[in-house]
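To start, the structure under review is shown below, and the notes come after it.
The values are calculated or read from the model by the stated rules, or taken from the named source; none is laboratory data. Computed from a prediction, not measured in an experiment: that's the story for all the values here. Cβ placement follows ideal geometry from the backbone for every residue including glycine, while neighbour counts extend to all protein chains displayed. Only protein heavy atoms, including side chains, enter the accessible area calculation; ligands, DNA and RNA are left aside. Shrake-Rupley method; radii C 1.70, N 1.55, O 1.52, S 1.80 Å.
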Amino acid sequence: MTNTPLLILGAAFSSEERARLEAAHSASFSAAPDAVSELSEATRATIKAIAFKGHTPLNAATMDLLPNLGLIANYGVGYDAINVTDASARGIKVTNTPDVLNDDVADIAVGMMIAQSRNMVAGDAWVRSGTWAGGENLPLNRKMSGSSVGIVGLGRIGRDIADRLAAFKMDIHYHARSEKETPNWTYHADVVSLATAVDYLVIALVGGKETEKYVSAEAIAALGPRGVVINISRGSTIDEDALIKALADGTIAGAGLDVFNDEPKIDERFYDLKTAILQPHQGSGTVETRRAMAELQLANVSAHLAGKDLLTPVN
Ligand code: NAP
């Protein structure tokens, strides 16, 4: 427990997460990311660390309101909401919560692939509606095991997805900015070449400006009519308009999407796309993993306030 004021930023914290932060750092203040200016100048001057959660941009304007800020500890591995360049320029460290969520995000990627291929959402409705009891069988769907997959971004999560899909006897292809050491997976120097070679395209890139529409309209078209897009990264990493059009026109077979632009008020055209499985950005959303993420965030805050080395710094 420290008495150093901690700023808890973001409405996304659960009451349990907030209580744990407050228990560890007794003098805590809460604010919405766009309302830090409402704290008094004296309070703002005492704050040395922020525990941050959510997707509201956190940039220079907010940092400059906190003259003694030394750390922004993000809840989540993706820290694209935080302007790390602005933070670094002010000597502010940023941390995230890598690795502890790899299993869950990889699980949901594979889960969406199976659910999409085997038409499981429609299958559930088929049973509940009595259609099956009435004697009608669900139309045959599509085998996933043994087919080909392309991973866009073979980082921590991408690799865990590929490892799982190898057990499904899939032919693994991938794209990253550099070739990686892998079992016998095939490297592609660009996403269009990757998409041309595979049936399933799984996006596991970081988000942010540099990867905006990294999976382009051309790459989506290259997937072809058997192509299925799976996205667990950020909505921004794919050309969303082109994806919606390809799904609506049937020029690709389907999608499994956990992330979207403008969450949670996503493009309403998605609601009518029957070949897409839609998830509410729940990749890391298990009790176990959210607790591990909260603990890692808190450990980074505590290390900083105690003058110790950060566990998972990003700058
Ligand atoms: P990671 O280990 O850092 O891997 C990120 C991948 O992105 C790497 O393959 C990297 O390629 C690539 N990349 C980074 N910057 C790039 C750039 N400028 N251009 C092209 N490629 C670039 O990250 P991770 O831990 O696997 O997490 C990946 C992302 O998953 C997170 O950033 C987050 O957005 C998302 N995520 C989603 C959920 C969810 O609930 N759905 C949960 C957790 C994370 P190189 O190998 O070439 O560097």
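Of everything in region 156-175, what is surrounded by fewer than 18 Cβ atoms within 10 Å (Cβ to Cβ) and within 13 Å of the ligand (Cβ to nearest atom)? Give them in sequence order.
Across region 156-175, the qualifying residues are R156, D163.
Checking I114 against (1) more than 8 Å from the ligand (Cβ to nearest atom); (2) in contact with a Phe, Trp or Tyr (Cβ under 8 Å, 6 or more places away or on another chain), only one condition comes out false. Which one?
For I114, the failing item is (2).
So that you can scan it fast, the table gives a plain yes or no per residue for (1) of a type in the set (K, R); (2) in a loop (DSSP other than H, G, I, E, B); (3) open to solvent by less than 40 Å² (accessible area, probe 1.4 Å):
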{"residue": "T251", "(1), (2), (3)": "no, yes, no"}
{"residue": "S284", "(1), (2), (3)": "no, yes, yes"}
{"residue": "E288", "(1), (2), (3)": "no, no, no"}
{"residue": "V301", "(1), (2), (3)": "no, no, yes"}
{"residue": "G307", "(1), (2), (3)": "no, yes, no"}
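Here's a check for you: in region 180-229, which residue that is in a loop (DSSP other than H, G, I, E, B) and among the charged types (D, E, K, R) is nearest to the ligand (Cβ to nearest atom)?
Looking at residues that are in a loop (DSSP other than H, G, I, E, B) and among the charged types (D, E, K, R), I get K180.
Looking at region 17-31, is at least one residue within 15 Å of the ligand (Cβ to nearest atom) and under 21 Å from G283 (Cβ atoms)?
No, region 17-31 has no match at all.
Scan region 86-94 and give yes if some residue there is under 19 Å from G207 (Cβ atoms) and open to solvent by 10 Å² or more (accessible area, probe 1.4 Å), otherwise no.
yes
Looking at region 18-41, can you tell me whether even one residue there is within 19 Å of the chain's Cα centre (by Cα), closer than 28 Å to P264 by Cα and open to solvent by 50 Å² or more (accessible area, probe 1.4 Å)?
No.
Based on what the data block shows, is A125 at pLDDT 95 or above, exposed (fewer than 14 other Cβ atoms within 10 Å of the Cβ) and either within 30 Å of A167 (Cα to Cα) or within 13 Å of the ligand (Cβ to nearest atom) (or both)?
For A125, the condition - at pLDDT 95 or above, exposed (fewer than 14 other Cβ atoms within 10 Å of the Cβ) and either within 30 Å of A167 (Cα to Cα) or within 13 Å of the ligand (Cβ to nearest atom) (or both) - is met.
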